[in-house]
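The values are calculated or read from the model by the stated rules, or taken from the named source; none is laboratory data. On a predicted model such as this, the values are computed, not experimentally measured, just so you know. Using ideal geometry, Cβ is built from the backbone for each residue, glycine included, and neighbour counts are taken over all protein chains shown.
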Amino acid sequence: MQQFTCPFCGLRNETEFHFAGEAGKIRPDTLNEVSAEQWSAYLNHVANPMGHSREVWVHLPCQEVFIMQRDTLTMAVLGVEQLRREPK
Amino acid sequence: MSGSRIQNNALIDRGKTLSFQYDGKTYQGHPGDTLASALLAAGVKIMGRSFKYHRPRGVWGAWFDDSNAIFNIALGADLHPNCPATTTYLEDGMQARSVNAFPSARFDIKAMLDWFSPFLPAGFYYKTFMRPDWHWFEPTIRKMAGLGKLDDSVSDGYQSDQIHQSCDLLIIGAGPAGLAAAVNASKNGSAVVLVDDHNIAGGSVYQLASDIENQSPNLWVEQQIATITKNGGRILLSTTAYGVYDHNLVALVQDLGFARAPRLWRMRANRILITTGAIDRPITFANNDRPGIMSASGALEFLGRYGVLVGKNIALLSSHSHTGDTVNRLHQAGVRVATFTAGDNSPIAVGGKNLRALNVDSISHPCDIILASGGLTPLVHLWRHAGGRLEWDEAIQAFIPASATTSLRAAGAANGVYELDEALADGRAAALDQPSPKAKNTYRIKPFLPELNSHKRQWVDFQHDVTVKDIELAARENYASVEHLKRYTTLGMASDQGKTSNMTGLSVMASVQERTIGQVGTTTFRPPFVPVPLEIYRGVRRRQLFNPPKRLALETQHRKANAALGEYGGWLRPAWYGEGDAQETINREVIAARNHVAIIDASPLGKIEVIGPDAAQFVNFVFYNTLSTLNPGKIRYALMLSERGIVYDDAVISRIDQNRFIISCSSAHVDGVNNALEAWRQDGHDPDRVFVHDTTQNWATITLSGPKARALLSCLEIAVDLSPDAFPHMTFQQSDFMSAPARIARVSFTGDPSYEISVPTLHAPALWSAVNKAGKSLQAALVGVEALAILRAEKGYIIVGKDTDGETMPHDIGFSQPRLRKKSAFVGDRALHTDAANADNRRRLVGLSIPASENRLVTGAHLIDASGSKPRSTGYVTSSYDSPTLARPIALALLENGAVKIGDRVTVWNQGDVRQATVTMPCFYDKDGALLNA
């Protein structure tokens, strides 16, 4: 049982979290032409890095969506970042 | 008879005598005995039969390193299967029977299987039972296989505690190194937990022939425990660490006595120190599985802990230098020990159920017990669970822990440090996370090469009857990788899990391949280290506490009305009302709903509010249908897609005002829809300009549906103009009911005019009784979920996930406009224009019609295209009912290119039963919507 840090709630068991995808994926602008290859890459292409990985996770009880960096080999959590920008 | 009890300072309570039975005979033992030690003391040698050939077996080890003696034990009303005799403490009145033997382990009628052993080598099953078909043989083989019998009553009152704790340092194993480490670590006030699987700490100290740090072993252990406790450290006895999991979570199972469910501890430790010690390795020689051949350390454990002398005339066969304690202890006990070095001297055990001699170099040495010690194997299982690496140490012929990480250490014999003083120093250093002192090593071991191509059988896995010959065969057939070897021969696969058989098997493979054991490598170690009952994972999560359903605010009222409650989408809801025949009751509810008015508790329907200046733009993006053009006060039906364009849910969406929407999604999908909305909000939009708030459980909803719905609603004290022009279909009104806010939405899931009245949950009982009171004169009926399912199918309304599947896109179920016309981006938009989405053979939603005289179709039945050379499934029935309204069966189906097949005949196949049906539009009731819009 891993433990992750929710930016909002703190350290919690992994069963409270859902993996939401690799971070940094940009949704193609579908109002313009998007090739089948581009769309397929958006849907299906995952890098699955061995080692350092940057991912989007959700903490289900508070529903915070955030970015977590972790090492997929050692399972070490390297850090979490909140998605929310500070109010201007 | 060779074992006997002697007077020494063993850990049993000789003042009390316990009586028990084994295979029908009565024996005596003492508190502190295990079943195995009490039987050995009584001279019993045969304690089990092997799994495959039913060969007689005695105990090999004195603790978890024995897999030969496994008993079914009855005590009072409790009957527990598969208890290891060496780790089950004796209780008065126990009745034990060896598993896998009938009538007893001493005389087992299946022993004749051993005569056929030349025909049953490794891989025999895989080669033999292939033809004609494995399933032909399976029942017989299953009957012959397996160990103890499970009694259903085992689970009565059998419930495990589960405890979650954390500590600074968890020390696993309270032997010399573990105790010394715990003393050192607890001195500075850190939270230390020391666990040991025996009920008395000390580990291997009771095997010692000499003092430890100038004290008797018993006194030394007492002093360490006193110090640890005084320093605030905790000691958990009878507690086995059986697995190490991610982020330093260690699973501990605590034995609470026979027939009591053990306790699970989930211990999160900042640091883990493994001081689990080392165990004796068997030696492969001819007939080495005879009862009376056991490990040297096992014999010393029986002597030191239980005061049991295993024999009178002992031969010791070893391959290493550290046999001094064995010889000295046995000499002190007054026994003659003849020592032999294992090597090229072809040892053979002579005798059957009673051992007579050990032949070495063809010279016979009479004995009643042979102690074998093929070297020490550090217990590195937990080290590997935790992800620690191993390295092969050629000098001590063992895999030992390699590099230490900051939070994981091993010390003492588990770390390959076998000298007592060195092990103590290693433990003390590891406790403070200091580097290990450089250990002197006087341990010498001769690399043992098993004798190959022998005609005599040499056993590697005692429990599964794997011999040296089987491993040679596996290697010949190219199952050379250790993982393949293990699976082909079943070596180390049963409750032993390789503890004793692994190293022996590896040494045989190394001999065959002429490599070192280090080059051969070892198999993966996985939890659990010892067998644990599945119960420990269940704990209190049983029956009602296992995935508890959500409860309606009106459950009391439904029960009073004789509702049959069932679970639907996570909610406990009325399936129907009344006690008569279920189908007749449901049909009556449908008819009442069509002719008069239905009262339905629709509270589980989703009520997710989306609020904020970007709300309109947001819902327009997340949903398939265009919602930005929806006017306040209006309602629109909308589909939610995944980015792959697949229908995930359907919802009716009300626009309350310019910046506020209520998403009324399906009751089973509320959490999923809410999660999707939150994910898009936070990762794709400005989360400060739109808010998502699930108010599903804040509001109770009662639906009135049918020709008299308006009449019933007008009887309630809710001030709303109900005329069709003022309150048309797909609009909503806000009002008050008994000074609480009320929302009335005119939407329909039945095809008749319907009004969903929502009030704050607190006011649900008042609304329920008002509706029921007013409904009496209108012949209103309470309608449950089953009748509602028929009503909606008659109208052709889908249930997402039932009438759609993982390939269904919106244009497959009749919603193609947004795909072609919507001007703004939305979730799944691009996926609706792929080649697959544009294909004309997509499965589309259709209706199926069959004559009134026939039975309804079976849900899931295939729609067959028999025109080709082979019949082919072109779709399937998704919903099927006997329609009470139409007095004939109806069905919905997904059918390839169904849109152009309306009016065609189609063949419906279900498990050989072939029927004909006519393809229709999915709607069977009020096709032009005149009733709905009235």
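Checked against the criterion of being over 30 Å from B:Trp680 (Cα atoms), under 39 Å from the mean Cα position of the chain (by Cα), in contact (Cβ under 8 Å) with a residue 24 or more places away in the chain and part of a loop (DSSP other than H, G, I, E, B), the candidates B:Val858, B:Val827, B:Val800 yield just one match: B:Val858. When the helices (runs of 4 or more DSSP H) confined to segment B:126-235 are screened for residues that are surrounded by fewer than 14 Cβ atoms within 10 Å (Cβ to Cβ), those reaching at least 3 such residues are found at B:134-144, B:217-230. Taking B:Val590 as the residue in question, decide whether it is out of contact with any Lys or Arg (no Cβ under 7 Å at 6 or more places or on another chain), under 30 Å from B:Asp496 (Cβ atoms) and of a type outside the set (Phe, Trp, Tyr). It is false that B:Val590 is out of contact with any Lys or Arg (no Cβ under 7 Å at 6 or more places or on another chain), under 30 Å from B:Asp496 (Cβ atoms) and of a type outside the set (Phe, Trp, Tyr). Being in contact with a helix residue (DSSP H, G or I) (Cβ under 8 Å, 6 or more places away or on another chain), surrounded by 19 or more Cβ atoms within 10 Å (Cβ to Cβ) and among the hydroxyl-bearing types (Ser, Thr, Tyr): is that true of B:Thr524 here? So B:Thr524 does not fit the description; no.
Here's the yes/no breakdown for (1) surrounded by fewer than 24 Cβ atoms within 10 Å (Cβ to Cβ); (2) part of a strand (DSSP E or B); (3) touching a residue at least 24 places away in the same chain (Cβ under 8 Å):
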| residue | (1), (2), (3) |
| --- | --- |
| B:Leu303 | no, no, yes |
| B:Gly311 | no, no, yes |
| B:Leu316 | yes, yes, yes |
| B:Val327 | yes, no, no |
| B:Asn359 | yes, yes, no |
| B:Leu382 | no, no, yes |
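Of the residues that make up segment B:378-392, is at least one out of contact with any strand residue (DSSP E or B) (no Cβ under 9 Å at 6 or more places or on another chain) and more than 28 Å from B:Tyr206 (Cβ to Cβ)? No, because not a single residue in segment B:378-392 is out of contact with any strand residue (DSSP E or B) (no Cβ under 9 Å at 6 or more places or on another chain) and more than 28 Å from B:Tyr206 (Cβ to Cβ).
Given the residues A:Gln3, A:Gln82, which is the only one that is at the interface with chain B (Cβ under 10 Å from one of its Cβ atoms), modelled with pLDDT of 95 or more and more than 30 Å from B:Leu832 (Cα to Cα)? Answer to the selection: A:Gln3.
Taken over segment B:557-597, the criterion of being within 20 Å of B:Gly706 (Cβ to Cβ) and among the hydroxyl-bearing types (Ser, Thr, Tyr) is satisfied by B:Tyr577, B:Thr585. Between B:Leu420, B:Leu408, the distinction of being in contact with a helix residue (DSSP H, G or I) (Cβ under 7 Å, 6 or more places away or on another chain), more than 26 Å from B:Val508 (Cβ to Cβ) and crowded, with 17+ Cβ neighbours inside 10 Å belongs to B:Leu420 only.
Surrounded by fewer than 14 Cβ atoms within 10 Å (Cβ to Cβ), touching a helix residue (DSSP H, G or I) at 6+ places or on another chain (Cβ under 8 Å) and within 12 Å of another protein chain (Cβ to nearest Cβ), is that true of A:Ala20? When the stated conditions are applied, A:Ala20 does not pass them.
The set of residues in segment B:546-565 being free of Cβ contacts under 8 Å to residues at least 24 places away in the same chain, surrounded by 14 or more Cβ atoms within 10 Å (Cβ to Cβ) and in a loop (DSSP other than H, G, I, E, B) consists of B:Pro549, B:Asn562. Would you check if B:Pro724 is free of Cβ contacts under 8 Å to residues at least 40 places away in the same chain and not small (Gly, Ala, Ser)? No: the conditions fail for B:Pro724. Restricting A:Arg54, A:Arg84, A:Arg12 to those that are surrounded by 14 or more Cβ atoms within 10 Å (Cβ to Cβ) and in contact (Cβ under 8 Å) with a residue 40 or more places away in the chain reduces the list to A:Arg12. Across segment B:236-282, the qualifying residues are those that are surrounded by fewer than 19 Cβ atoms within 10 Å (Cβ to Cβ) and within 14 Å of chain A (Cβ to nearest Cβ), and the one among them that is nearest to B:Gly178 (Cα to Cα) is B:Asn270. Apart from one condition, B:Lys776 fits all of (1) basic (Lys, Arg); (2) more than 30 Å from B:Val877 (Cα to Cα); (3) surrounded by 18 or more Cβ atoms within 10 Å (Cβ to Cβ); the exception is (3).
Is it fair to say A:Thr72 is within 21 Å of B:Tyr245 (Cα to Cα), loosely packed, with under 15 Cβ neighbours inside 10 Å, of a type in the set (Val, Ile, Thr) and more than 9 Å from every other protein chain (Cβ to nearest Cβ)? The answer is yes for A:Thr72. All conditions but one from (1) free of Cβ contacts under 8 Å to residues at least 60 places away in the same chain; (2) surrounded by fewer than 20 Cβ atoms within 10 Å (Cβ to Cβ); (3) within 15 Å of B:Lys708 (Cα to Cα) apply to B:Ala740; the one that does not is (3). In a residue-by-residue description of segment A:67-79, the property of being basic (Lys, Arg) and modelled with pLDDT of 95 or more applies to at least one position.
Considering segment B:670-740, the qualifying strands (runs of 3 or more DSSP E), each wholly inside and each with 1 or more residues that are modelled with pLDDT of 95 or more and within 13 Å of another protein chain (Cβ to nearest Cβ), run over B:691-694.
Each row is one residue, and each column tells you yes or no for (1) assigned to a loop (DSSP other than H, G, I, E, B); (2) closer than 19 Å to B:Ala793 by Cβ; (3) in contact (Cβ under 8 Å) with a residue 24 or more places away in the chain; (4) within 14 Å of chain A (Cβ to nearest Cβ).
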residue	(1), (2), (3), (4)
B:Val619	no, no, yes, no
B:Leu630	yes, no, yes, no
B:Leu639	no, yes, yes, no
B:Glu643	yes, no, yes, yes
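As a summary of the residue check, A:Ile26 satisfies the conditions (1) of a type outside the set (Gly, Ala, Ser); (2) modelled with pLDDT under 95; (3) surrounded by 13 or more Cβ atoms within 10 Å (Cβ to Cβ) except for the one numbered (3). For segment A:23-65, the candidate set comprises residues that are among the hydroxyl-bearing types (Ser, Thr, Tyr) and assigned to a loop (DSSP other than H, G, I, E, B); within that set, the residue that is nearest to the other protein chains (Cβ to nearest Cβ) is A:Thr30. Considering B:Ser748, B:Ser758, the condition of being part of a strand (DSSP E or B) and buried (at least 22 other Cβ atoms within 10 Å of the Cβ) is satisfied by B:Ser758 alone. Each residue in segment B:805-835 was checked for being within 11 Å of chain A (Cβ to nearest Cβ) and exposed (fewer than 15 other Cβ atoms within 10 Å of the Cβ), and 3 of them qualify.
Among the residues of segment B:15-67, those that are more than 19 Å from B:Asp368 (Cα to Cα) and free of Cβ contacts under 8 Å to residues at least 40 places away in the same chain comprise B:Gly15, B:Lys16, B:Thr17, B:Lys25, B:Thr26, B:Tyr27, B:Gln28.
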